[in-house]
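The values are calculated or read from the model by the stated rules, or taken from the named source; none is laboratory data. What you are looking at is a predicted structure, and each value in this text was computed from that prediction instead of being measured. A quick note on method: Cβ atoms are made from the backbone with ideal geometry, for glycine too, and the neighbour counts reach across all protein chains shown. Please note that ligands, DNA and RNA were not included when accessible areas were found on the heavy atoms of the full protein model with its side chains. Shrake-Rupley method; radii C 1.70, N 1.55, O 1.52, S 1.80 Å.
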Amino acid sequence: RWDMISSIRLRKALKVKAEAFRRATFCLVPPGDSVITARIFSAVAAICIPVLAFPETYLPFPDLVPWSNMTVSIDASAVMAYQKSPAGKANPLAELQRLAKEEPERIQRMQEALAEARWHLHYRPELAHSRAPATN
């Protein structure tokens, strides 16, 4: 019974998260506990512009996915410092507000690039077993 309740709660939480990502223009992608974080895949799936708090060089499939065309980077330490003591400091997230307000065409291009990149990043079980066996 507890497993069933936990499963229902998890599905509900994931549904809420997915809906929040779909409604957002920007999705913060902090570093994870490994080089590649699942947060980047969630953002791309939702066509939500990833706001990276780590170097772009850590992103997966750089030869297939033009990350610089569809992501924004922020200085995570500046965000933390601003959150801790905002008095007299410029908001490091103000650039996102400016971008959304003043460059809607750029936002549109970034979202279109995300839609194209989704194909490369989405797991497709029908392709997982179709690869030719490795040879020596």
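Some observations on this one:
- Those residues of the stretch 54-71 which are farther than 22 Å from residue 93 by Cα, modelled with pLDDT under 90 and either surrounded by 12 or more Cβ atoms within 10 Å (Cβ to Cβ) or touching a Leu at 6+ places or on another chain (Cβ under 6 Å) (or both), in sequence order: 60, 62
- Qualifying residue in the stretch 72-79 (condition: within 23 Å of residue 32 (Cβ to Cβ), at pLDDT 85 or above, touching a Ser or Thr at 6+ places or on another chain (Cβ under 6 Å) and surrounded by 15 or more Cβ atoms within 10 Å (Cβ to Cβ)): no
- Test set (1) of a type in the set (Val, Ile, Thr); (2) within 21 Å of residue 78 (Cβ to Cβ); (3) open to solvent by 30 Å² or more (accessible area, probe 1.4 Å) - residue 51 fails condition number: (3)
- Cβ-Cβ under 9 Å pairs, at least 6 apart or on other chains, the stretch 1-24 side touching a residue at least 24 places away in the same chain (Cβ under 8 Å), far side polar (S, T, N, Q): 17/42; 18/42; 21/42
- Pairs where the first residue, in the stretch 95-110, is more than 19 Å from residue 46 (Cβ to Cβ) and open to solvent by less than 70 Å² (accessible area, probe 1.4 Å) and the second is outside any helix (DSSP H, G or I) and among the polar types (S, T, N, Q), C-beta under 6 Å, 6+ apart: none
- With respect to the conditions (1) within 23 Å of residue 122 (Cα to Cα); (2) modelled with pLDDT under 85; (3) open to solvent by 40 Å² or more (accessible area, probe 1.4 Å), residue 32 falls short on a single one, namely (3).
- The residues in the stretch 33-66 that are without any contact (Cβ under 8 Å) to a residue 40 or more places away in the chain, touching a helix residue (DSSP H, G or I) at 6+ places or on another chain (Cβ under 6 Å) and over 18 Å from residue 18 (Cα atoms) can be counted, and the count is 4.
- Looking only at the stretch 111-136, and only at residues there that are open to solvent by less than 70 Å² (accessible area, probe 1.4 Å) and at pLDDT 85 or above, the one that is nearest to residue 25 (Cα to Cα): 111
- Residue match in the stretch 13-20 (condition: under 24 Å from residue 115 (Cα atoms), in contact with a His (Cβ under 7 Å, 6 or more places away or on another chain) and at pLDDT 85 or above): no
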